[in-house]
Amino acid sequence: MVAQKATSGELLEKVREIFCDVTGLDADEVEEDSELDELGVDTILAKELARKLSGFSGRAVESSRILESENFIGVVHYIQSILDIGNETTSGNDKETPSRKQAKDPRSAATNDTLPASVIQEAFSSTKKITDELIVDGHMGNYCGEVMPRSTELCIAYLVEAFEQLGCSIQSAKPGDKLKRVPYLPKYDKFMDLFYELLREQALIEMDGSEIVRAAQSCPTKSATELLEDLLQDEPSHAPEFNLVQVTGPSLADCLSGKQDGIALIFGTAQGRQRVSDLYALSPINRVWIEQLAYFLEQLVKRVPQNGQPLRIMELGAGTGGTTSTAIPVLARLGVPIVYTMTDISASLVAAAKRKYRENPFMQFKVVDVESQPDPELLRSQHIILSTACIHATRSLPVSLKNIHSMLRPDGFVMLLEQTQQIPWVDFVFGLLEGWWLFEDGRHHALAPVTHWEKIMKQVGFGNVDWTAGERPEAGLQRLIIGYAS
């Protein structure tokens, strides 16, 4: 179908098809009066829609005009105006819009007045004891000794290939040869410092001030593609992280030089978004500690006295739902009165969560920016605040943690799941995102050791702070960190 010759009905269906392709929704979910935030369209997806609609229409489609449209049919009308096609589609305004209000959860009538500190401490103590057991059972027992060295080698192979494309041949240089610095965009200064340090740690280069010299260590003998294939075959449970490295690795040189955008590369396609989702939902590096968090919630809720208002739990930065999808079935099975508020800074992710979890009447959904002053209605409102792999990505830990503290009841607590040691492939992937380097609070890296978290949490008003630990080296990679409001 040639866009300019399409009828209004054909155009509507084609635009709907493009929407479905970009958002991952089914056609029956994209109704004429569907609001864009309910369809998950944010600035990133709007750019991808504009690109595909431009390709279809042969005209320049602006992402800003897409975002100005109130709903799906508004976008169709915008494309019609570009193509000068008459408006024969219905606006959807005559249709009765189903109520989008949350159904009241009958369990929200009664539960605990207060959370006894002794109950929280008892539940967390039992949770800490199973750290090593969960690591072994969750396919993480060989991570530090075998998996991480090989994923680091994969990153090095991609890095050597990228440097070659940018005019610096580490592969062919001899020990003692001087190497020129590769060109890159100024916004990647910290990222490149990290790369050069990684190359130095792997004994591929030596650095003396601004001078870079080839060291004696050989580059990986296999290509990045071959190393990736070997890893996927040998360590299939860790495939989500290897696949995400494969998204960024081949395009690293283009990202550093500005030919490719890191955010669009990772989040601009359905495949990229799915791989990020798989990382948080399926990869052992996250699953082990998410399962530990769910175990803690179960141990806690079983012990909480049932004699007052519902237990109020808020999840900050829920993202694609890696933690939510594990916690909600556990909480639902326990059958106690709960109000679980799933939040994220992204309206599109919150909208997607509404669709995914609409069968759970005890859930609420809200756009929340943890770096901003909380809405008055949220102050001192929550018994429990959960956050997985989120707070480190804010500009200021003191500001974000103070805001979290203000949303907790005096008897409440926050439970953070945070990576507390650097892992090369994590930097290799997420270092392309501006948010990874936004910190303005004196940190040298987005990730911080657990003692730093303890110091900041106590500075902003938290009482006791504790965290998970174990005998295995993997126990230090990620931690559950609990901070009591008072």
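Residues of region 193-214 being in contact with a Lys or Arg (Cβ under 8 Å, 6 or more places away or on another chain), surrounded by 13 or more Cβ atoms within 10 Å (Cβ to Cβ) and of a type outside the set (V, I, T), which ones?
If the condition is that a residue be in contact with a Lys or Arg (Cβ under 8 Å, 6 or more places away or on another chain), surrounded by 13 or more Cβ atoms within 10 Å (Cβ to Cβ) and of a type outside the set (V, I, T), then L204, E206, M207, R214 are the ones that fit.
When you go through S251, S237 one by one, which is the residue that is touching a Ser or Thr at 6+ places or on another chain (Cβ under 9 Å), in a helix (DSSP H, G or I) and of a type outside the set (D, E)?
After applying the criteria, what remains is S237.
Would you confirm, using the coordinates I've provided, whether L316 is within 13 Å of the chain's Cα centre (by Cα) and more than 21 Å from G24 (Cα to Cα)?
yes
Considering every residue within region 431-454, establish whether at least one is β-branched (V, I, T), assigned by TED's automatic domain parsing to the domain that holds V339 and farther than 27 Å from P310 by Cβ.
Among the residues of region 431-454, at least one is β-branched (V, I, T), assigned by TED's automatic domain parsing to the domain that holds V339 and farther than 27 Å from P310 by Cβ, which makes the answer yes.
Being closer than 21 Å to V370 by Cβ, part of a strand (DSSP E or B) and touching a residue at least 60 places away in the same chain (Cβ under 8 Å) is the filter here, so list the residues in region 336-355 that pass it.
V339
Would region 241-253 turn up any residue that is of a type in the set (S, T, Y), surrounded by fewer than 21 Cβ atoms within 10 Å (Cβ to Cβ) and touching a residue at least 24 places away in the same chain (Cβ under 8 Å)? It would help to see each step written out before you state the result.
Filtering region 241-253 down to residues of a type in the set (S, T, Y) leaves 248, 251.
This time we only want the ones that are surrounded by fewer than 21 Cβ atoms within 10 Å (Cβ to Cβ), so: 251.
If we keep only those that are touching a residue at least 24 places away in the same chain (Cβ under 8 Å) as well, we get none.
No, region 241-253 contains no residue that is of a type in the set (S, T, Y), surrounded by fewer than 21 Cβ atoms within 10 Å (Cβ to Cβ) and touching a residue at least 24 places away in the same chain (Cβ under 8 Å).
Go through (1) aliphatic (A, V, I, L, M); (2) assigned to a helix (DSSP H, G or I); (3) out of contact with any helix residue (DSSP H, G or I) (no Cβ under 7 Å at 6 or more places or on another chain) one by one and return the number of the condition V213 breaks.
(2)
Where in region 19-84 are the helices (runs of 4 or more DSSP H), entirely inside, with at least 2 residues that are touching a residue at least 40 places away in the same chain (Cβ under 8 Å) and either outside the structural domain of L349 (by TED's automatic domain parsing) or aliphatic (A, V, I, L, M) (or both)?
Result: 43-57, 72-83.
Sort out which residues of region 117-161 are within 24 Å of A203 (Cβ to Cβ) and either acidic (D, E) or in a loop (DSSP other than H, G, I, E, B) (or both), and write them in order of number. Quick ask: steps written out before the conclusion?
To start, the set of residues in region 117-161 that are within 24 Å of A203 (Cβ to Cβ) comprises 142-161.
Across region 117-161, the qualifying residues are N142, E146, E153, E161.
Can V399 be described as in the same structural domain as G461 (by TED's automatic domain parsing), closer than 21 Å to Q459 by Cβ, outside any helix (DSSP H, G or I) and β-branched (V, I, T)?
no
Can you tell which of R358, R333 is outside any loop (DSSP other than H, G, I, E, B), charged (D, E, K, R), without any contact (Cβ under 8 Å) to a residue 60 or more places away in the chain and under 30 Å from E29 (Cβ atoms)?
Working: R358 fails: outside any loop (DSSP other than H, G, I, E, B).
Only one candidate qualifies: R333.
Considering every residue within region 224-234, establish whether at least one is outside any helix (DSSP H, G or I) and surrounded by fewer than 22 Cβ atoms within 10 Å (Cβ to Cβ).
Within region 224-234 (the criterion being outside any helix (DSSP H, G or I) and surrounded by fewer than 22 Cβ atoms within 10 Å (Cβ to Cβ)), the answer is no, since none of the residues qualifies.
Taking the stated definitions as given, is S169 of a type in the set (S, T, Y) and more than 29 Å from R443 (Cα to Cα)? Working first, answer last.
Values: of a type in the set (S, T, Y): yes; more than 29 Å from R443 (Cα to Cα): yes.
So S169 passes the test.
So which pairs qualify, if the first residue must be in region 125-152 and in contact (Cβ under 8 Å) with a residue 12 or more places away in the chain, the second must be of a type in the set (S, T, N, Q) and outside any helix (DSSP H, G or I), the Cβ gap must be under 8 Å, and the two must be at least 6 apart or on different chains?
Pairs that qualify, where the first residue is in contact (Cβ under 8 Å) with a residue 12 or more places away in the chain and the partner is of a type in the set (S, T, N, Q) and outside any helix (DSSP H, G or I), are T127/T468; K128/T468; T131/T468; T152/Q202.
Would you pick out the residues in region 9-27 that are over 18 Å from S348 (Cα atoms) and either at pLDDT 85 or above or surrounded by 16 or more Cβ atoms within 10 Å (Cβ to Cβ) (or both)?
E10, L11, L12, E13, K14, V15, E17
With the condition kept exactly as written, say whether any residue in region 438-457 is in a loop (DSSP other than H, G, I, E, B) and of a type in the set (S, T, N, Q). Before the answer, list the steps.
So in region 438-457, the residues in a loop (DSSP other than H, G, I, E, B) come out as 438-449.
Filter once more, keeping what is of a type in the set (S, T, N, Q): none.
No, there is no match, as no residue in region 438-457 is in a loop (DSSP other than H, G, I, E, B) and of a type in the set (S, T, N, Q).
Can you name the number of the only condition in (1) under 30 Å from H383 (Cβ atoms); (2) more than 15 Å from the chain's Cα centre (by Cα); (3) in the same structural domain as L185 (by TED's automatic domain parsing); (4) not aliphatic (A, V, I, L, M) that T248 fails?
Result: T248 fails condition (1) only.
Any idea which of E471, E418 is outside the structural domain of D254 (by TED's automatic domain parsing), modelled with pLDDT of 95 or more, loosely packed, with under 15 Cβ neighbours inside 10 Å and not in a helix (DSSP H, G or I)?
Sole residue among the options that is outside the structural domain of D254 (by TED's automatic domain parsing), modelled with pLDDT of 95 or more, loosely packed, with under 15 Cβ neighbours inside 10 Å and not in a helix (DSSP H, G or I): E471.
Would you mention how many residues in region 59-108 are of a type in the set (S, T, Y), surrounded by 12 or more Cβ atoms within 10 Å (Cβ to Cβ) and at pLDDT below 55?
Result for region 59-108: 4.
Please pick out the residue among S218, S237, S223 that is more than 19 Å from E146 (Cβ to Cβ), hydroxyl-bearing (S, T, Y) and touching a residue at least 40 places away in the same chain (Cβ under 8 Å).
S223
Looking only at region 361-373, which residues are crowded, with 17+ Cβ neighbours inside 10 Å and in a loop (DSSP other than H, G, I, E, B)?
F362, V368, V370
The values are calculated or read from the model by the stated rules, or taken from the named source; none is laboratory data. Predicted, not measured: the structure shown is a model, and the values here were computed from it. Cβ coordinates were reconstructed from backbone atoms using ideal geometry, including for glycine residues, and neighbour counts include every protein chain displayed.
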